[in-house]
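The values are calculated or read from the model by the stated rules, or taken from the named source; none is laboratory data. This structure is a prediction, so every number in the text was calculated from the model and none was measured. In this analysis, Cβ positions are derived from the backbone assuming ideal geometry, glycine residues included, and neighbour counts consider all displayed protein chains. Only protein heavy atoms, including side chains, enter the accessible area calculation; ligands, DNA and RNA are left aside. Shrake-Rupley method; radii C 1.70, N 1.55, O 1.52, S 1.80 Å.
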Amino acid sequence: MKIAVIGTGYVGLVTGTCLAETGNEVVCVDIDEAKVKKMRNGEVPIYEPHLDVLFERNIKANRLKFTTSLDEGLVHGDIIFLALPTPEDEDGSADLSYVLNVSEEIGKKIKEYKVIVDKSTVPVGTAEKVQAIIAKNASCEFDVVSNPEFLREGFAVDDFLKPERIVVGSSSEKATALMKKLYSPFVRSGNPIIIMDEKSAELTKYAANSFLATKITFMNEIANYCEKVGADVDMVRAGMGTDSRIGKRFLFPGIGYGGSCFPKDVKALQKAGKDNDYDFKILNSVIEINSNQKTVLLPKISECFNNDLKGKTIAVWGLAFKPETDDIREAPSIDMMEKLLEKGAKLQVFDPEAMPNIEKRFGNKLNYSETMYTALENADALLICTEWSIFRTPNYTKLKQLLKQPIIFDGRNLYNTDDMETEGFTYVSIGRKAVNL
């Protein structure tokens with residue numbers, strides 16, 4: 001099948017590459033000329049595990065192409081995916097200007113039947129708006145479909161190739177049949193393609209992300225309470241997670257969620273509720289609690305140094321909002337580092353992938369380290385913000401040699417508290433007893 005993908009961010013690039021992997025002819029459209037040039041030369045503009053292999057293979061096979069020309073994409077594609085940004089607006093709503101502006105152009109340019117697919121995360125009613133805008137100028141038949149993505153950064157390729165489910169919001173039998181044909185290679189194991197109306201499909205994405213954000217936030221609340229009463233959140237988590245009604249996933253406490261989806265989508269659903277005279281009280285709490293959770297370790301760090309961080313050097317491991325990505329959007333590390341800098345601390349930072357993005361934001365305010373261990377040199381303490389696998393089994397002897405004092409503040413509960421006590425570290429984590437404090 002002939003596919004066009006408009007927008008080559010995380011969603012667009014993964015979508016286009018993975019659709020090419022099943023034999024489709026894909027043209028990806030982006031207005032950024034420099035970015036398109038790099039992609040044509042085989043350079044993947046984002047870090048996403050396994051994407052580079054598929055990207056290179058499909059470019060060589062001539063199934064994956066890149067252009068800055070919207071006209072070229074629209075002429076090529078029978079199915080047109082809109083994978084455009086929907087950033088958070090000042091009032092918390094999703095900014096649809098990119099989606100709606102491109103829809104205006106599509107209406108003017110298409111000459112034969114197309115299926116327009118909203119792949120971006122968009123509020124309820126967006127498909128109707130896109131339909132109306134295209135219809136103003138279109139001289140041919142077309143259908144608009146909602147097809148929300150459920151891709152986890154760091155696992156996006158696997159999630160696309162082996163989806164748990166595919167949601168398609170469509171009121172057109174013709175469009176539905178084309179979407180089923182397109183996705184049939186990805187559901188051979190029997191996972192469902194769920195067909196529903198467009199509004200329900202749009203809300204499904206927001207509801208799913210908001211529920212997961214709520215689950216994370218609830219566990220962080222339990223962790224904070226554990227510290228008050230002397231319980232161990234790891235034991236509580238194990239007791240909860242073995243209940244099949246709850247499940248084990250998203251029960252790991254930490255310093256809050258970040259990224260491009262959860263923060264934006266929770267706020268967008270909250271704002272959509274207000275616009276429709278509905279108060280999502282649970283989401284109000286989720287947003288407030290998560291904001292506070294990002295810096296929950298700050299008072300403990302400050303207290304450890306007699307409330308005087310001026311001139312202290314803190315090593316920071318992990319800058320991305322989660323492991324296996326270079327994405328720093330809404331990353332808890334940013335909140336922590338900004339607060340530490342305000343208090344006069346010096347920061348030596350390391351992340352396997354995210355340092356170039358962090359440097360664009362912080363510039364020379366931080367010292368960027370080549371390895372996880374060089375970040376520790378002459379530091380007064382270590383702060384862990386992201387649970388990269390390389391941080392899980394460090395050389396404890398080396399840590400103690402490099403740090404001025406063996407002090408670790410762990411925002412992701414990477415280490416066993418008994419091990420930390422045996423190794424002689426002062427160790428502060430989330431929802432568990434502090435060691436040697």
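Some notes on this structure:
- Being among the basic types (Lys, Arg), on the phi < 0 side of the Ramachandran plot, modelled with pLDDT of 95 or more and touching a strand residue (DSSP E or B) at 6+ places or on another chain (Cβ under 8 Å) is true of residue 300.
- Complete set of residues in segment 370-418 that are of a type in the set (Gly, Ala, Ser), within 17 Å of residue 312 (Cα to Cα) and either open to solvent by 70 Å² or more (accessible area, probe 1.4 Å) or not in a strand (DSSP E or B) (or both): 375, 379
- Only one of the numbered conditions (1) at pLDDT 95 or above; (2) outside any helix (DSSP H, G or I); (3) closer than 19 Å to residue 171 by Cα is violated by residue 120, and that is (1).
- Pick from segment 133-170, criterion among the acidic types (Asp, Glu) and more than 16 Å from residue 322 (Cβ to Cβ), ranking: least open to solvent (accessible area, probe 1.4 Å): 149
- Every residue from segment 230-268 that is over 22 Å from residue 435 (Cβ atoms), of a type in the set (Val, Ile, Thr) and not in a loop (DSSP other than H, G, I, E, B): 266
- Pairs with Cβ under 6 Å, 6+ apart, first in segment 345-358 and more than 20 Å from residue 298 (Cβ to Cβ) and modelled with pLDDT of 95 or more, second open to solvent by 50 Å² or more (accessible area, probe 1.4 Å) and part of a loop (DSSP other than H, G, I, E, B): 353/47
- Verdict on residue 233 being more than 29 Å from residue 94 (Cα to Cα) and crowded, with 21+ Cβ neighbours inside 10 Å: yes
- In segment 294-336, the residues that are part of a helix (DSSP H, G or I) and over 26 Å from residue 159 (Cβ atoms): 298, 299, 300, 301, 302, 303, 304, 335, 336
- Taking (1) closer than 22 Å to residue 124 by Cβ; (2) part of a loop (DSSP other than H, G, I, E, B); (3) among the basic types (Lys, Arg) in turn, residue 271 satisfies each apart from (2).
- Residue selected from segment 173-189 under the condition open to solvent by 20 Å² or more (accessible area, probe 1.4 Å) and in contact with an Asp or Glu (Cβ under 8 Å, 6 or more places away or on another chain), by the criterion nearest to residue 2 (Cα to Cα): 178
- Checked across segment 337-344, the condition of being closer than 20 Å to residue 304 by Cα, open to solvent by 10 Å² or more (accessible area, probe 1.4 Å), in a loop (DSSP other than H, G, I, E, B) and in contact with a Leu (Cβ under 8 Å, 6 or more places away or on another chain) holds for at least one residue.
- Unique residue being open to solvent by less than 50 Å² (accessible area, probe 1.4 Å) and either on the phi > 0 side of the Ramachandran plot or not polar (S, T, N, Q) (or both) when the list is 279, 351: 351
- Applying the criterion of being under 14 Å from residue 83 (Cβ atoms) and hydroxyl-bearing (Ser, Thr, Tyr) to the residues of segment 1-46, the residue that is most open to solvent (accessible area, probe 1.4 Å) is 10.
- Screening segment 47-65 for residues that are under 24 Å from the mean Cα position of the chain (by Cα) and surrounded by 17 or more Cβ atoms within 10 Å (Cβ to Cβ) and picking the one that is farthest from residue 356 (Cα to Cα) gives 54.
- Of all the residues in segment 285-297, those that are open to solvent by less than 50 Å² (accessible area, probe 1.4 Å) and either touching a residue at least 60 places away in the same chain (Cβ under 8 Å) or farther than 19 Å from residue 225 by Cβ (or both) number 7.
- Of all residues in segment 119-148, those satisfying the criterion of being in contact (Cβ under 8 Å) with a residue 60 or more places away in the chain and either over 21 Å from residue 177 (Cβ atoms) or among the aliphatic types (A, V, I, L, M) (or both) are 120, 121, 122, 123, 124, 125, 126, 127, 128.
- One residue from 278, 225 being aromatic (Phe, Trp, Tyr), more than 18 Å from residue 330 (Cα to Cα) and part of a helix (DSSP H, G or I): 225
- Test: residue in segment 212-219 that is of a type in the set (S, T, N, Q) and closer than 24 Å to residue 13 by Cα: no
- Inspection of segment 99-118 identifies no residue that is open to solvent by less than 40 Å² (accessible area, probe 1.4 Å), in contact (Cβ under 8 Å) with a residue 40 or more places away in the chain, small (Gly, Ala, Ser) and touching a helix residue (DSSP H, G or I) at 6+ places or on another chain (Cβ under 6 Å).
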